[in-house]
Amino acid sequence: MQEVLRLAVSGTYSTGKSTTTEALSLLTGVPRTHAMTARQILMELVPGKQLSELNASELQAMGLRRFEERVHNEAAQPGSFISDGSVLHEWVYSEARLRVGTNPGAGPLHRATKAVVGAPLKPFYQGFADSYGKVVKARAKRVYDAYVHLPVEFAMHRDGHRPVSERFRNTSDRLLLETLDELEIPYHVIGGSLRERLEKIVAAFDMPVVRPIDEAIEIAEARVRETIAVIEADQRYHDAQRRKSTWRRIKYALRY
């Protein structure tokens, strides 16, 4: 491995970034850096709401909060690190929503209503996304030495939280790869089982191995499960899951 390797692990929803980066860090001893999950940020910024209930402004605020935390956590690592996602991700999700719809997991009527209501505002949000994209692309080019991209191989985990669709996932996946090509950042597309991914990544970057691979996988999977359990035990999470009144659901649908 080169003396300092700042490696970003890329991929859209339900591609296994968190488990892969956790296991890779345990396997190689290279520190892992990440941002809070969307659910954690949601409970902090917009308590009482689910992602599907956010308007465009609230979604942008979440993206900026996550970008801030990524920059903070990456800057705290003086040497090599493995990043769970990258600064490109929140911009890609923002751009994909502009193309697919603010709530891409909603039904046709809801999506159509959002599109009509948001038509006058869309140019503003597109301009913001374009400016945001310039900032994160410049940082990605400056900070990351290489990417590992995890392709869409598995069905999306239906946890009731991710308000996305397969069209949204595929659009995001394509945007990520197009952006890496545009920036000319070296990347490897690596799929397969978790074990196969780890073996391929270690070989591709000649990374050290400091513990048995099975042990790294077992600990990583346990840590990811624990993180999810902590979030789902939070009362704010349960408050947001409560069924909203019909009027409130209509009100959310009419906000862009």
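The values are calculated or read from the model by the stated rules, or taken from the named source; none is laboratory data. This is a predicted model, so every value here is computed, not measured. Methodologically, a virtual Cβ is constructed for each residue, glycine included, from the backbone with ideal geometry; neighbour enumeration extends over all protein chains shown.
For segment 3-25, how many residues meet the condition of being in a helix (DSSP H, G or I) and either among the hydroxyl-bearing types (S, T, Y) or touching a strand residue (DSSP E or B) at 6+ places or on another chain (Cβ under 7 Å) (or both)?
Let us first name the residues in segment 3-25 that are in a helix (DSSP H, G or I), namely 17-25.
Among the residues that remain, those that are also either among the hydroxyl-bearing types (S, T, Y) or touching a strand residue (DSSP E or B) at 6+ places or on another chain (Cβ under 7 Å) (or both) are: 17-22, 24-25.
Total meeting the criteria: 8.
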Hits in segment 185-197 - residues which are free of Cβ contacts under 8 Å to residues at least 24 places away in the same chain and loosely packed, with under 13 Cβ neighbours inside 10 Å: S193, E196
Segment 198-239, residues that are closer than 11 Å to T19 by Cβ and touching a residue at least 12 places away in the same chain (Cβ under 8 Å): L198, A216, I217, I219, A220, E221, R223, V224, T227
Filter result for the condition that a residue is acidic (D, E) and either part of a helix (DSSP H, G or I) or modelled with pLDDT of 95 or more (or both), over E153, E196: E196
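Conditions (1) under 30 Å from A75 (Cα atoms); (2) not aromatic (F, W, Y), marked per residue:
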{"position": "L183", "(1), (2)": "yes, yes"}
{"position": "Y187", "(1), (2)": "yes, no"}
{"position": "K200", "(1), (2)": "yes, yes"}
{"position": "M207", "(1), (2)": "yes, yes"}
{"position": "D214", "(1), (2)": "no, yes"}
